[in-house]
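Take a look at the structure below.
The values are calculated or read from the model by the stated rules, or taken from the named source; none is laboratory data. Nothing here was measured: the structure is a model prediction, and the numbers come from that model. Heads up, the Cβs are rebuilt from the backbone with ideal geometry, glycines too, and the neighbour counts pull from every protein chain shown. Ligands, DNA and RNA are excluded from the accessible area calculation, which covers all protein heavy atoms including side chains. Shrake-Rupley method; radii C 1.70, N 1.55, O 1.52, S 1.80 Å.
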Amino acid sequence: MNPYIDEDLAALSEQARRFAADKVAPGYLERDKIRVLDRALMRQMGEMGFIAPELPEQYGGLGMGCLAAGVIHEEIARADLSISYVNLLASLNGQILSHHGKPEIVSPWLTKLTAGEALIAIALTEPRGGSDAANLRLKVERAGHEYILNGEKTSISAADQADAAVVFGRTGTIESGAHGITALLVPMDLPGITRSRFDCHGQRAIGRGSLFFENVRVPAEYRLGGENKGFVQVMQGFDFSRALIGLQVLAVARAALDETWAYISGREAFGKPLSAFQGVSHPLAGFETQVAAARLLCLQTLWLKDRNLPHTAEAAMCKWWGPKLAYETVHQCLLCFGHGGYDRGLMEQRLRDVLGFQIGDGTAQIMKTIIARGRAGRAAVPA
Ligand SMILES: Cc1cc2nc3c(=O)[nH]c(=O)nc-3n(C[C@H](O)[C@H](O)[C@H](O)COP(=O)(O)OP(=O)(O)OC[C@H]3O[C@@H](n4cnc5c(N)ncnc54)[C@H](O)[C@@H]3O)c2cc1C
């Protein structure tokens, strides 16, 4: 128990944990090999109310707070980080669509999202770079009641499996920077879209790839937020996903720690359990401490969000600290298993899975710049 999780949230978390242990965990290793998300499992998650519970009931959500999304998210991630992308993308895009879309356009998508019947990707990064996101170049031209898209997005999670994507493109001049970007909801079956899949180190069931747009015509009512306002309005959603990513990777670290404590208590060397050697148990005790603290930071960030209090710097803290700490924790756990840890299996897959989030959704350097700007002001911390 902790101050952020009341009895209702604890019960929800317990329900999600049982579901994840029964339905999600058994396919974790296999999905890494076959590299496909399980759509039937997604629908079951939807039926259970586990996808974007913070969305209003009119869209199939539970009308709960963002903390509810957080406690479910960590339980799914503990079983399979790739599958928990379903939760992450639904919460991030659900917020964007519900806040910035035309209700008649986004409503059917939101309903499918919460039901686990649709997966929506987020497409910001381009081949020329991801950190300097405001400098993006995908061309978006207005032609009557449509926008015409030309260009490429790359390194997009679920690129080849998504049913639609929230795409950020340039409607203004290059000089207009962040103030010349427009966001659109783009169904992936529109003519002119082709997609590719990368061979990723981890997160292989969700995967990453490129989206290519060649004269893709998107109805103007699919715009999210105002024209040229995509960056300043729509990007706010990333504070939410950054706290969720912290919980996502820390849940993987938690699972690794739990298994490692059990293992080192049972295996012996030099006539004693491994846990009797402080060289084995103290590093784990150190990670226990940090994982507990980082998780509280993530929960606090969602708690602030639920109260409409500022949380941009806190979200950036979750995003840089969580993935780094999770990687180091799983690494230490893997070493405790000796040669067995290096075999293909749970620990090495977890290590590969969590590493991706030291890059995806913004690197530690960019997160620290956001924190520094929050404290010292934008003028004092130029890019
Ligand atoms: C697993 C994974 C999932 C992803 N999913 C998505 C997705 O769904 N949608 C999407 O749009 N993108 C996605 N990405 C892309 C990701 O957001 C970008 O890779 C990331 O923003 C960094 O951009 P870049 O790779 O172009 O690196 P660059 O911007 O070229 O940066 C390279 C290095 O230089 C550092 N650097 C750059 N600028 C500065 C600076 N000013 N100060 C200090 N250091 C700096 C960076 O921190 C980094 O270490 C994903 C990436 C990964 C690995």
*What's the number of the condition G180 fails, among (1) open to solvent by less than 30 Å² (accessible area, probe 1.4 Å); (2) within 15 Å of the ligand (Cβ to nearest atom)?*
(2)
*region 261-284, residues that are aliphatic (A, V, I, L, M) and surrounded by 13 or more Cβ atoms within 10 Å (Cβ to Cβ)*: I264, L274, A276, V280, L284
*asked:* Cβ-Cβ under 6 Å, sequence separation 6+ or interchain: first residue in region 271-292 and more than 14 Å from A255 (Cα to Cα), partner open to solvent by 60 Å² or more (accessible area, probe 1.4 Å). Which pairs?
replied: P273/S265; L274/R267; S275/S265
_Candidate set from region 347-383 (those that are among the polar types (S, T, N, Q) and open to solvent by 30 Å² or more (accessible area, probe 1.4 Å)); member that is farthest from the ligand (Cβ to nearest atom)_ = Q358
*Scan region 152-177 residue by residue and report those that are in a loop (DSSP other than H, G, I, E, B) and within 15 Å of the ligand (Cβ to nearest atom).*
A158, A159, D160, Q161, A162, D163
*Within region 87-108, is there a residue that is in contact with a His (Cβ under 6 Å, 6 or more places away or on another chain) and within 27 Å of A294 (Cβ to Cβ)?*
yes
*asked:* Please count how many residues of region 335-383 are more than 17 Å from I245 (Cβ to Cβ) and in a helix (DSSP H, G or I).
replied: 17
*Would a scan of region 322-335 turn up a residue that is within 14 Å of the ligand (Cβ to nearest atom), at pLDDT 95 or above and open to solvent by 10 Å² or more (accessible area, probe 1.4 Å)?*
yes
*Does region 125-134 hold any residues that are open to solvent by less than 30 Å² (accessible area, probe 1.4 Å) and near the ligand (Cβ under 10 Å from one of its atoms), and which are they?*
E126, A133
_Looking only at region 40-55, and only at residues there that are in contact (Cβ under 8 Å) with a residue 40 or more places away in the chain and open to solvent by 50 Å² or more (accessible area, probe 1.4 Å), the one that is nearest to D199 (Cα to Cα)_ = R43
